[in-house]
Structure formats: C-alpha cells, structure tokens
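Here's the structure, in structure tokens; my notes come after.
The values are calculated or read from the model by the stated rules, or taken from the named source; none is laboratory data. Since this is a predicted model, take the numbers as computed values, not measurements. We place every Cβ from the backbone using ideal geometry, glycine too, and count neighbours over all the protein chains shown. In case anyone asks, the SASA skips ligands and DNA or RNA and just uses the protein heavy atoms, side chains included. Shrake-Rupley method; radii C 1.70, N 1.55, O 1.52, S 1.80 Å.
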Amino acid sequence: MNTQLKTVLSKAKLNFMILASILALAVVGKFSNPEMTNAIFVTADQLVSDLYLVFIAITLGAFVPNFKLVTFGSIGAFVAAAVLLQLGVFQHFTIEHLFAILIVILGFASIANLYRHYREYGL
C-alpha cells in the first residue's frame with residue numbers, strides 16, 4: 001500500500017470510527033428498537049435538507065485542525081442539550097431530534113475532515 005495512503009488512513013482513524021458507529025447504530029437499532037431508530041434517521045434525513053446545519057458541519061470538519069475538539073465538543077453539546085431538555089428548558093425538542101442533529105453534525109464533519117486529509121496528500 002502507498003505510504004501516503006497509509007498516512008491518511010492513520011490520521012483518519014477517528015473519522016472512520018465515527019462513521020462506523022453511525023452505521024452500527026443503524027444496524028443495531030433496526031433489530032432492538034426499529035421505531036425509534038427509524039424516527040431518528042427520518043429526522044436526520046429532514047435535517048440534511050436544512051443546509052445551514054450541513055454547512056456548519058462541513059466547516060467544522062474541514063477547517064478545525066484538531067478534529068477531536070469537534071467530536072468531543074459536539075458530544076458535549078448533545079449531552080448539555082439533553083440535560084437541559086430533561087430539566088424542561090427546551091420545550092420544542094425531543095431526544096430523538098437532538099440525536100439526529102448529532103448524527104448529521106458528526107457524519108458530515110467526519111466526511112469533510114476525511115476529505116481534508118485526502119487533499120493534503122493529493123491522492
């Protein structure tokens with residue numbers, strides 16, 4: 001295998017872990033709780049049509065040099081929003097909606113960051 005390709009793959013481990021976890025969530029969710037999984041992914045599909053969320057995710061993935069900050073910051077924001085949702089601060093969101101937002105942000109940010117690594121080496 002090409003050394004440049006090995007370097008890109010080693011730098012993009014977190015990206016592949018995020019994308020694999022989204023895929024695993026879909027597969028496991030279809031067997032354990034298909035109604036909730038379907039609701040989450042339908043909401044995520046609707047959120048993709050809201051391009052501002054996609055643009056934010058792509059910007060985070062492509063231009064923030066430390067992708068771990070993007071990942072853990074997104075997960076931290078999700079946890080904080082979920083706590084606020086349970087406290088009754090957010091009235092118009094559900095946990096499924098917040099989880100769909102997390103999937104869209106992490107998915108598009110991972111792909112954009114993976115493309116950034118790809119473009120660094122001109123593959």
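Annotations
- In segment 2-28, residue nearest to the chain's Cα centre (by Cα) [restricted to those that are closer than 12 Å to TYR118 by Cα and exposed (fewer than 14 other Cβ atoms within 10 Å of the Cβ)]: SER10
- Set ILE103, ILE75, ILE18: member being at pLDDT below 95 and of a type in the set (A, V, I, L, M, F, W, C): ILE18
- Answer from SER110, SER74 - the residue that is surrounded by 14 or more Cβ atoms within 10 Å (Cβ to Cβ), closer than 24 Å to LEU5 by Cα and within 11 Å of the chain's Cα centre (by Cα): SER110
- Neighbours by Cβ (under 6 Å, 6+ apart or cross-chain): first from segment 1-19, outside any helix (DSSP H, G or I); second open to solvent by less than 90 Å² (accessible area, probe 1.4 Å): ALA12/LEU114; ALA12/HIS117
- All of HIS92, HIS117, HIS97 fail the test of being of a type outside the set (Gly, Ala, Ser) and in a loop (DSSP other than H, G, I, E, B), apart from HIS92.
- Filtered by the rule that a residue be open to solvent by 60 Å² or more (accessible area, probe 1.4 Å), assigned to a helix (DSSP H, G or I) and hydroxyl-bearing (Ser, Thr, Tyr), segment 29-63 gives SER32, TYR52, THR59.
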